[in-house]
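Here's the structure, in structure tokens; my notes come after.
The values are calculated or read from the model by the stated rules, or taken from the named source; none is laboratory data. As the structure is a prediction and not an experimental result, all values here were calculated from the model. For neighbour counting, all protein chains shown are included, and Cβ atoms are generated from backbone atoms with ideal geometry for every residue, glycine included.
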Amino acid sequence: MEQYFQKDIETMPVEKIKELQSAKLVKQVKHVYENVPYYRELMDKKGVRPEDIHGIEDLHKLPFISKSDLRETYPYGMLAVPLSDCVRIHSTSGTTGKRVIAYYTQHDIDLWEDCCARAIVAAGGTKEDVLQVAYGYGLFTGGAGLHGGSHKVGCLTLPMSSGNTERQIQFMMDLKSTIICCTPSYAAYIGETLKEQGYKPEDNSLKSGIFGAEPWTEEMRRDIEKALGIKAYDIYGLTETSGPGVAFECKEQKGMHINEDHFIAEIIDPETGEVLPEGEKGELVFTSLDKEAFPLLRYRTRDICVLSREKCSCGRTFIRMAKPMGRSDDMLIIRGVNVFPSQIETVLLNEGYAPNYRIEVDRVNNTDTLDVYVELLPEQLSDTTEGIVKMEKALSAAITTMLGIRPAVHLVPPKTIVRSEGKAVRVVDKRKLHD
Ligand code: ADP
Ligand code: ZN
């Protein structure tokens, strides 16, 4: 039988969710307008006042906030409560530039941990589980978020943090971890290391994993599930909206349920800012409804995805977001063609390679170049040079079919591409160096 962490909320009829969101939005806009001068100015400039917001139907009247606003107001310009009411600070990973920070009251932390607890329960977690947190701790939100959620569910929590893979595996085996949480790239690395140590997927006690913080493909999911002998669940979030747990996958594994009692999600056209109807692909925008210290109205995530209100067999009524394809700024434009690194990952894994690759883009004589470095599998190492050239050509052809542009593929020896313990860095765009 399906288990929920907060059944009444997670299965609330859609109409009720919308009523709840409307009521919370009115209050939240007032809170922000009164306490955050920066946002008040934006609203004044747009000619919208808190009294104009009567419910979610008025959401579109509000101005957007983006990462550059957060960088501009760094560190405390978005604070909506006295700093003395805050109990914690986290920071983004800085994947796309200067880090931004977020501050939390105890109430903010509580609700965030509830969201993570919902994700853990949806992945089959109960108080009988041993949950290994292999996300980084520190200022990153992954470790602390899942840690708090794990406590709420009552799991036996192993606060491992990321890295030190030998020790991860030792404790995983000795303490019989049943759930592991980390980035998908780190999960793949742990799977690879287990195999090297002679373990078979059925030797560990893991039943599920909760992976997120970076884009990963369905092919990658399949690989991780096979390597660890588990069911792999996706979890999504960003520091700006608290951290992981904004959305989580249920056993259906068809998109992640967004915790709509705390967040309103919109999809917009990234060029025009126009709100798109459900089912269309665009940029994900979040409005936080309950956050006290660092509330964000219409925050542009730059993550590209699709929402669906289709009924889910798990009984949860929250809207679902598809796996984000990556951020709009992860998208590479190569010789005029839009390329997401995840498309290349799909091809590599479908062709039987491991998810160890690096994409290099450069510009030579005014033409963009695309080089894809992929590790040979250990059993391919003995192949002749001729054989390897053939494999490179085959892989290049498969990528060309997917992207419409031809890359130069380089098969490199096993273990020559750095493994990731946190968010994997797969793309080197050297064109930026010349600009
Ligand atoms: P940074 O923006 O510096 O990476 P965060 O650690 O807050 O800082 O990361 C949030 C971002 O991570 C999201 O905006 C999104 O791009 C990515 N992300 C998080 N979870 C997922 C997921 N499940 N799938 C794809 N991307 C994700
Ligand atoms: Zn579901």
* Mind checking which residues of region 320-348 are within 16 Å of ligand 1 (Cβ to nearest atom), in contact with an Asp or Glu (Cβ under 9 Å, 6 or more places away or on another chain) and assigned to a helix (DSSP H, G or I)? -> P341, S342, E345, T346
* Could we say that I359 is modelled with pLDDT of 95 or more, of a type outside the set (D, E, K, R), crowded, with 16+ Cβ neighbours inside 10 Å and not in a strand (DSSP E or B) here? -> no
* **Complete set of residues in region 362-388 that are exposed (fewer than 12 other Cβ atoms within 10 Å of the Cβ) and within 29 Å of M331 (Cα to Cα)** => V364, N365, N366, T367
* Any idea which of L297, L289, L307 is crowded, with 20+ Cβ neighbours inside 10 Å, within 16 Å of ligand 2 (Cβ to nearest atom), over 19 Å from T141 (Cα atoms) and of a type outside the set (D, E)? -> L307
* To do: Please work out if K67 is crowded, with 17+ Cβ neighbours inside 10 Å and among the basic types (K, R).
  => yes
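Listed here are the residues, each with its yes/no results for (1) in contact with a helix residue (DSSP H, G or I) (Cβ under 6 Å, 6 or more places away or on another chain); (2) within 16 Å of ligand 2 (Cβ to nearest atom).
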| site | (1), (2) |
| --- | --- |
| Y236 | no, yes |
| G245 | yes, yes |
| G282 | no, no |
| V285 | no, no |
| R302 | no, no |
| R316 | yes, yes |
| D330 | no, no |
| R335 | no, no |
* Does V418 meet the test of being within 30 Å of A213 (Cβ to Cβ) and surrounded by fewer than 16 Cβ atoms within 10 Å (Cβ to Cβ)? -> yes
* Asked: In this structure, does G282 turn out to be modelled with pLDDT of 95 or more and crowded, with 16+ Cβ neighbours inside 10 Å?
  -> yes
* Please state which one of V81, V32, V87 is modelled with pLDDT of 95 or more and part of a helix (DSSP H, G or I). => V32
* Asked: Would region 193-205 turn up any residue that is part of a strand (DSSP E or B), among the small types (G, A, S), in the same structural domain as S161 (by TED's automatic domain parsing) and more than 10 Å from ligand 1 (Cβ to nearest atom)?
  -> no
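This table checks each residue for (1) of a type outside the set (K, R); (2) away from ligand 1 (no atom under 16 Å from the Cβ); (3) out of contact with any Lys or Arg (no Cβ under 6 Å at 6 or more places or on another chain).
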{"position": "P37", "(1), (2), (3)": "yes, yes, yes"}
{"position": "L42", "(1), (2), (3)": "yes, yes, yes"}
{"position": "L62", "(1), (2), (3)": "yes, yes, no"}
{"position": "L70", "(1), (2), (3)": "yes, no, yes"}
{"position": "S84", "(1), (2), (3)": "yes, yes, yes"}
{"position": "I89", "(1), (2), (3)": "yes, no, yes"}
{"position": "G94", "(1), (2), (3)": "yes, no, yes"}
{"position": "D114", "(1), (2), (3)": "yes, yes, yes"}
{"position": "A119", "(1), (2), (3)": "yes, no, yes"}
* Could you grab me the full set of residues in region 161-176 that are in contact with a helix residue (DSSP H, G or I) (Cβ under 9 Å, 6 or more places away or on another chain), farther than 19 Å from G245 by Cα and free of Cβ contacts under 8 Å to residues at least 60 places away in the same chain? => E166, Q168, I169, M172, M173
* **Number of positions in region 246-271 that are within 10 Å of ligand 1 (Cβ to nearest atom) and of a type outside the set (A, V, I, L, M, F, W, C)** => 1
* Criterion: within 18 Å of the chain's Cα centre (by Cα) and under 22 Å from Q253 (Cα atoms) - qualifying residue of A144, A122, A102 -> A122
